[in-house]
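Peer 1: Below you will find the structure I want to go over with you.
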Amino acid sequence: MGETIIGVCLLQGTTIHNILALRILDFYPKLLNDICTSEDYYGLSPLHQAIINHDVEMASKLLRRGADVNQR
């Protein structure tokens, strides 16, 4: 375990999962900068996952919502 709900959605990388992630962020905005602590994805934020997926649109949406570009 250690995955976040937003991370799981973005890991799928589908349109419906991205929409779900954004809806969840509407209700739980503090999840925006949550870090995954699972062994496979340790240290990844939702922004990192969007970038890994080459999803420019999702990365832009996360940045507009206040994703931390300096997060490590």
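Peer 1: How would the chain be classified by its alpha-carbon gyration tensor: rounded, prolate or oblate, with rounded meaning a/c under 1.5 and the a/b versus b/c comparison settling the rest?
Peer 2: rounded
Peer 1: Using the Kyte-Doolittle scale, which helices in the chain average at least 1.0 and also have C-alpha atoms spread 18 Å or more along the helix axis, with helices defined as whole DSSP H runs?
Peer 2: Correct list, ordered by number: 15-27.
Peer 1: Placing +1 at every Lys and Arg Cβ and -1 at every Asp and Glu Cβ, with all other atoms neutral, what dipole size does segment 7-72 have around its Cα centre, in debye to the nearest 20?
Peer 2: 260 debye
Peer 1: Can you tally the net charge around Ser45? Count Lys and Arg as +1, Asp and Glu as -1, for every other residue whose Cβ sits under 10 Å from the Cβ of Ser45.
Peer 2: Here the charged neighbours net out to -1.
Peer 1: Let me ask you something else. I want the local charge near Ala67. Using Cβ-Cβ distances under 11 Å, sum +1 for each Lys or Arg and -1 for each Asp or Glu among the other residues.
Peer 2: +1
Peer 1: How high is the relative contact order of the chain, given as a whole-number percent (alpha carbon pairs under 8 Å, six or more residues apart)?
Peer 2: Dividing the mean separation by the residue count of the chain yields 31 percent.
Bear in mind these aren't lab numbers, they're just calculated from the coordinates by the rules spelled out. As the structure is a prediction and not an experimental result, all values here were calculated from the model. Because the Cβ atoms are built from the backbone with ideal geometry, glycine has one as well, and the counts that use them run over all protein chains shown.
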